[in-house]
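Scroll down for the structure; my scribbles are underneath it.
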Amino acid sequence: MKTLRIGVFGGTFDPPHVGHLILAAEAQDQLRLDRLLWVLTPDPPHKLDQTISPLTVRLQLLLAAIGENPSFELCRVDMDRPGPHYAVDTVKILQDQYPSAEIYYLIGGDSLHDLPAWYHPQRLIELIDGLGVMRRPGDQVDLRELEQKIPGLTAKICFIEAPLLEISARQIRQRVAEGRAYRYYVHPAVYRLIEELGIYRLPSSSMMRNANP
Ligand code: ATP
């Protein structure tokens, strides 16, 4: 019997953008994933010092982004449990839910670089069947160094072939706040929702922190 191959893609998605959609779609194709679970993280442990849009708003945006693709699914696993929401716990819960499935965890190259600082990264790598990584401009991935810190990591990595996309949610929030063009950086339904809700128009404190003087 064929084993179900599940992709797990976690993020803040504030907002979801075409970088996320391309990563998910390419991973699905290249890793032959049957289902792709989008895990919306309520309080990302690495973004506790940043202002993040309310979960209800990010949920609407994410549903708008993935709604028309039948193999993309919203996964409420982190939304329905108290934080902190560590990837290792998310994967463990999903493995209990899908005991015979292969689990492929998906991240961008910047997250791969930061992986040693995640909560129990070694355990996470041992639990999953593969780590799908889509490189990101300037992500400074050094596989030798990463392997030293997390033995067994490189054997689990499957690089996803895709053009480097210099697109981030922070950049889109900043563009909206500055009244600059951002329409084609997001799915049309996400664009409509951002306009309707009038979000990101005021610079958030995180943007102010990161803005050039
Ligand atoms: P922010 O700019 O607010 O930090 P973000 O654009 O990085 O947000 P997240 O929701 O934090 O988006 O990212 C979820 C996952 O998607 C992470 O693993 C991240 O590395 C990956 N990702 C985001 N944008 C890209 C991109 N342009 N190319 C490849 N991976 C990406």
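Per-residue packing, averaged as other Cβ atoms within 10 Å, sorts the ranges 4-10, 79-85, 55-61 into the order 4-10, 55-61, 79-85, beginning with the highest. Remark: the ASP49-ASP80 segment gains 8.9 nm on full extension, using 0.36 nm per residue and subtracting the alpha carbon distance. For the chain, modelled as a Gaussian network with Cα springs under 10 Å, which listed residue fluctuates most, ILE93, ILE172, ILE125? Ranking ILE93, ILE172, ILE125 by mean-square fluctuation puts ILE93 first. Each peptide among 33-42, 176-185 gets the average number of other Cβ atoms lying within 10 Å of its residues, and from highest to lowest they stand as 33-42, 176-185.
Length gained on full extension, LEU197 to GLU161, computed as 0.36 nm times the residue gap minus the Cα-Cα distance: 9.5 nm. Share of carbon and sulfur in the accessible area of the range 5-206 stands at 51%, probe radius 1.4 Å. Computed with a 1.4 Å probe over protein heavy atoms only, the accessible surface of the chain comes to 51 Å² per residue. Computed about the Cα centre, the dipole magnitude for the chain is approximately 360 debye when only Lys and Arg (+1) and Asp and Glu (-1) carry charge, each at its Cβ.
The values are calculated or read from the model by the stated rules, or taken from the named source; none is laboratory data. Quantities reported herein were computed from a predicted structural model and do not represent experimental measurements. All Cβ positions, glycine included, derive from the backbone under ideal geometry; neighbour counts span all protein chains shown. Ligands, DNA and RNA are stripped out before the accessible areas are found, and what is left, the full protein with its side chains, is counted by its heavy atoms. Shrake-Rupley method; radii C 1.70, N 1.55, O 1.52, S 1.80 Å.
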